[in-house]
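Here's the structure we're looking at; comments come further down.
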């Protein structure tokens, strides 16, 4: 199926592997916004996806590799099908106690790093599905899904574009 | 890795104005934090932060602004945040930051009108 001249991406997996340092978070952001913009997402959806991926990478940079930050890596795995864009942001660091989320201790630790402790809140608010897996000393994976704009909506827009009222 | 982040500080009638351009994320937050700390040394009652040139801000950027707001709150001061882009406003709404002593305004003139 061809949409706006762009071949439909099927069973395509893209993996972006980045150093877990702050300067590369923008690279993850650029990659995902480039991909999302080719999947007919709205500008608003693309912003949401960018923020969610960026927050997940930021978490990995801030928390995953406290003792060996310079050698740590982040893997951003992106896959798409007709219904959705799925992104997994994985680190291979220390993992964390998932029970800490939403507690005073988490708030205190975030404030020490000038954070708001809102990274995961943002991700959950901006994406359609979010799942967090974390294993001590193996790492953390945040898997998130954004549903693609409905195909019939695209067809309707396409129809309007191709058949101007004249 | 290059970024298009830029920051400048000036003042209007002793109210510091911090103007930011580009993308605010974990990488440039330490720089933002230094500039905001300098601004707070000049005036501990009010601060204007202009985000009109900002294309992207995440939770670390908001955290840095929240940190400055917290310091200002101790002296009943407020942060006037000039913000016109819908995507940036949305982030502030999700964060809940705009309910505290952070006031979202649509222009620098409006920000200075309130603080003067």
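The values are calculated or read from the model by the stated rules, or taken from the named source; none is laboratory data. Keep in mind it's a predicted model, so treat the numbers as computed, not measured. Don't worry about glycine lacking a Cβ; one is built from the backbone with ideal geometry, like all the others, and counts go over all protein chains shown.
What to note about this one:
- Taken over the range A:50-73, residues that are away from chain B (no Cβ under 12 Å) and either buried (at least 16 other Cβ atoms within 10 Å of the Cβ) or modelled with pLDDT of 95 or more (or both) amount to 4.
Listed here are the residues, each with its yes/no results for (1) closer than 25 Å to residue A:43 by Cα; (2) touching a strand residue (DSSP E or B) at 6+ places or on another chain (Cβ under 7 Å); (3) assigned to a strand (DSSP E or B); (4) at the interface with another protein chain (Cβ under 10 Å from one of its Cβ atoms).
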residue	(1), (2), (3), (4)
B:55	yes, yes, yes, yes
B:62	yes, no, no, yes
B:66	no, no, no, yes
B:70	no, no, no, yes
B:75	no, no, no, no
B:79	no, yes, yes, no
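Rundown of residues vs (1) surrounded by fewer than 15 Cβ atoms within 10 Å (Cβ to Cβ); (2) more than 13 Å from the chain's Cα centre (by Cα); (3) closer than 19 Å to residue A:62 by Cβ, yes/no style:
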{"position": "B:28", "(1), (2), (3)": "no, yes, yes"}
{"position": "B:45", "(1), (2), (3)": "yes, yes, no"}
{"position": "B:49", "(1), (2), (3)": "no, no, no"}
{"position": "B:52", "(1), (2), (3)": "no, no, no"}
{"position": "B:64", "(1), (2), (3)": "no, no, yes"}
{"position": "B:75", "(1), (2), (3)": "yes, yes, no"}
{"position": "B:85", "(1), (2), (3)": "no, yes, no"}
{"position": "B:91", "(1), (2), (3)": "no, yes, yes"}
{"position": "B:96", "(1), (2), (3)": "yes, yes, no"}
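- Cross-chain or 6+ apart pairs with Cβ under 7 Å, the range A:12-31 first and within 8 Å of chain B (Cβ to nearest Cβ), then in a helix (DSSP H, G or I): A:22/A:61; A:25/A:54; A:25/A:57; A:25/A:58; A:25/A:61; A:29/A:50; A:29/A:53; A:29/A:54
- Of all residues in the range B:1-24, those that are under 19 Å from residue B:80 (Cα atoms) and outside any strand (DSSP E or B) total 2.
- Residue A:45 being over 15 Å from residue B:26 (Cβ atoms) and surrounded by fewer than 18 Cβ atoms within 10 Å (Cβ to Cβ): no
- Residues in the range A:111-126 that are within 16 Å of residue B:25 (Cβ to Cβ) and at pLDDT below 75: A:113, A:114, A:115, A:116.
- Within the range B:7-26, tally of residues that are more than 14 Å from residue B:82 (Cβ to Cβ) and exposed (fewer than 13 other Cβ atoms within 10 Å of the Cβ): 2
- As a summary of the residue check, residue B:27 satisfies the conditions (1) without any contact (Cβ under 8 Å) to a residue 24 or more places away in the chain; (2) within 11 Å of another protein chain (Cβ to nearest Cβ); (3) outside any helix (DSSP H, G or I) except for the one numbered (1).
- The single condition among (1) in contact with a helix residue (DSSP H, G or I) (Cβ under 9 Å, 6 or more places away or on another chain); (2) farther than 27 Å from residue A:48 by Cα; (3) in contact (Cβ under 8 Å) with a residue 60 or more places away in the chain that residue B:71 does not meet is (3).
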